[in-house]
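Taking it in order: structure first as structure tokens, then the write-up.
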Amino acid sequence: MSNLKSIAESVVEGDDKKVEELTKRAIADGVGIAKILDDGLIAGMETIGELFGRKEAFVPELLLSARAMQASMKLLEPLLVGSGIKPIGKVALGTVKGDIHNIGKDLVGIMLKGAGFEIIDLGVDVPPEKFIDTVRAGGIDIVGMSALLTTSMSMMKTTIEALDTAGLRKQVKIIIGGAVVTQDYAESIGADGYGANAAEAANRAKKLLGLKGDQK
Amino acid sequence: MNAYASKDRIVAALKGQYADRVPATVMFGVYASKLAGFTLPQFFTDAKKHARAHALACETFQPDTITIAGDVFLEAEAFGAKVEFPEDSSPHLKTSVLENKADLGKLNIPDPKKINRLCWYLEACERSKSEIKDVPMSGACAGPWTLAGNLRGLERLILDTVDDPDFVHQLMRFTTAWIKVWVATVRDTGIGIGMGEASASCSVISPKVYRTFIKPYHEEIFNYFKERKLYISLHICGYIDPIMEDVLSTGVSMISIDSPSSLDKLVELSQGKAVIMGNVATALFAEGTKREMEAAVKQCIDTAAKGSKYILCSGCEIPLTSCKNNINYFMEAANKYGYYK
């Protein structure tokens, strides 16, 4: 257990080398992958997410923590494939059209992956049609949209309306986030969820699918 | 008719004096192109059209000052970054020129007048100056951190602050040296200039990153130009409350903030030292009601106008989807609530 706690702490500190080292040790000790993920990586990302929510940590710290988590995920992913653990849901993730900022989207993607989701990363500057085509192709449970700019935020509303017009809105849950986005805005444009930070986004995503969320 | 001209209002605000009312403006950005019926690629490559669009925005809405916005990747493109001009959104950066840190050694400060798109911008400023009468105007350039992020890739640059701080300082020294050249060149067209640091808000960086890697260079730039009697403004997008005191202590003479930041806090901290611009939420220009716009304008004026040194403004560039009515509501509200008592 103490090893898992150290993994979590090192994720919070953003120390990728230490997280990698501790993960190797945990695997060698026969600790279960789900345990390393839940009690190590995700626990650490949730703590940094909470600090972020309280404005005691900022995007650079989140980036470092995410990098540390990724260093561990690289070791865990091959084992996950062989373990028979199935993804808990499929998320199509993109930064909306007119906005090319990838950091927030990537952080959310990493957290969702860690939480057991399969991610279809649509990239940045994603037009509504691309979201529509992806949902239409099937298998998507959640659409996640990100915007950093106030100037591109309205594209989230446009995309939701476009999904509605295409008759696909009811097929998926929609979660949005980004520096300028608020809970009120999410409600006003008819999104199903809002994540103030990457850790919260992963919890909300689980909750939207009726899985455990908003708890450690 | 108003007895006071726009210039009187702006000069009074800069000096901490009072004209008839609070000066008011909107950062029109790409909306100016839509208003004039130009495509965005035309707006961003044809100097004549760029100037005409801004002139039309002035004629239509009568702001007290106007920013002749280029695009945020203009300078990165001058250093070799590939920029794309989509029909329906602002230009995009396609490549970073410093994916490899060692390439910084190969970059040189160019002569701005030998770079096509910089010439386009200079011509747009010159044309605006001759076409727009009686409205003080300002150009815009990317700040040293924003340009550094556009050259290196912002995520990589943020990680560099931990992995290779010396490289970040080296890059910041380079972008700072460039800004000294570029600001002076834009200033030669006869208009003022503002520096935009879209990537320096706490929506992107931390106070520690600001203090260690950005603030020293902001100080250097402001001091350099102050010695030359040139005052440049600073706009930072997003949320900057945790770094407001630091930003004010750089010696900045005018600061423009976005709606996520607290106007109240800035007024309190500035104590009349810097002229403040801001910070009506840009979303209101696209989707707000008349009542919401009036309330937002009134709140800004009530918060910041009392001691002069304030220009009512949108928090950032307004969206392409903004509507004429909402900009009219903004200017009407400025006229309704902005008269000094």
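Taken over region B:82-114, the criterion of being part of a loop (DSSP other than H, G, I, E, B), more than 20 Å from B:R173 (Cβ to Cβ) and of a type in the set (V, I, T) is satisfied by B:T95 alone. Going through (1) in contact with a helix residue (DSSP H, G or I) (Cβ under 9 Å, 6 or more places away or on another chain); (2) more than 14 Å from chain A (Cβ to nearest Cβ); (3) crowded, with 19+ Cβ neighbours inside 10 Å one by one, B:G194 falls short only on (1). If you go through region A:23-32 and keep only what is surrounded by fewer than 18 Cβ atoms within 10 Å (Cβ to Cβ) and either assigned to a helix (DSSP H, G or I) or in contact (Cβ under 8 Å) with a residue 12 or more places away in the chain (or both), you end up with A:K24, A:R25, A:I27, A:A28, A:D29. Among strands (runs of 3 or more DSSP E) entirely within region A:63-175, having at least 3 residues that are aliphatic (A, V, I, L, M), surrounded by 20 or more Cβ atoms within 10 Å (Cβ to Cβ) and away from chain B (no Cβ under 14 Å) singles out A:89-96, A:142-146.
A quick yes/no check of all residues on (1) more than 13 Å from chain A (Cβ to nearest Cβ); (2) surrounded by fewer than 24 Cβ atoms within 10 Å (Cβ to Cβ):
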{"site": "B:P63", "(1), (2)": "yes, no"}
{"site": "B:A69", "(1), (2)": "no, no"}
{"site": "B:F73", "(1), (2)": "no, no"}
{"site": "B:A76", "(1), (2)": "no, no"}
{"site": "B:F79", "(1), (2)": "yes, yes"}
{"site": "B:E87", "(1), (2)": "no, yes"}
{"site": "B:H92", "(1), (2)": "no, yes"}
{"site": "B:S96", "(1), (2)": "no, yes"}
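Scanning region B:1-33 for residues that are on the phi > 0 side of the Ramachandran plot and surrounded by 15 or more Cβ atoms within 10 Å (Cβ to Cβ) yields a single hit, B:G29.
Please enumerate the residues belonging to region B:225-245 that are more than 30 Å from B:D188 (Cα to Cα) and within 14 Å of chain A (Cβ to nearest Cβ). B:G238, B:Y239, B:I240, B:D241, B:P242, B:I243, B:M244 - these are the residues of region B:225-245 that are more than 30 Å from B:D188 (Cα to Cα) and within 14 Å of chain A (Cβ to nearest Cβ). B:N325 fulfils the conditions (1) more than 14 Å from chain A (Cβ to nearest Cβ); (2) outside any helix (DSSP H, G or I); (3) modelled with pLDDT of 95 or more except for a single criterion, (2). Out of the residues in region B:256-280 meeting the condition of being among the small types (G, A, S) and more than 15 Å from the chain's Cα centre (by Cα), tell me which one is farthest from the other protein chains (Cβ to nearest Cβ). Once the filter is applied, the top-ranked residue is B:G272. For region B:281-291, the set of residues classified as farther than 30 Å from B:P86 by Cβ and within 14 Å of chain A (Cβ to nearest Cβ) consists of B:T289 only.
Hey, among the residues in region A:41-70 that are hydrophobic (A, V, I, L, M, F, W, C) and free of Cβ contacts under 8 Å to residues at least 24 places away in the same chain, which one's nearest to B:T161 (Cα to Cα)? Talk me through it step by step, then tell me what you get.
We begin by selecting, within region A:41-70, every residue hydrophobic (A, V, I, L, M, F, W, C); these are A:41-43, A:45, A:48, A:51-52, A:57-59, A:62-64, A:66, A:68-69.
Among the residues that remain, those that are also free of Cβ contacts under 8 Å to residues at least 24 places away in the same chain are: A:57-58.
Working: A:A57: 15, A:F58: 14 Å.
The qualifying residue nearest to B:T161 (Cα to Cα) is A:F58.
Annotation: B:K309 fulfils all but one of (1) on the phi < 0 side of the Ramachandran plot; (2) away from chain A (no Cβ under 14 Å); (3) not aliphatic (A, V, I, L, M); the unmet one is (1).
Here is a check on your reading of the model: is A:E56 in a helix (DSSP H, G or I) and on the phi < 0 side of the Ramachandran plot? Here the answer is no, as A:E56 does not meet what is asked.
The values are calculated or read from the model by the stated rules, or taken from the named source; none is laboratory data. No experiment lies behind these values; they were computed from the predicted model shown. As a convention, Cβ positions derive from the backbone with ideal geometry for all residues, glycine included, and neighbour counts pool all protein chains shown.
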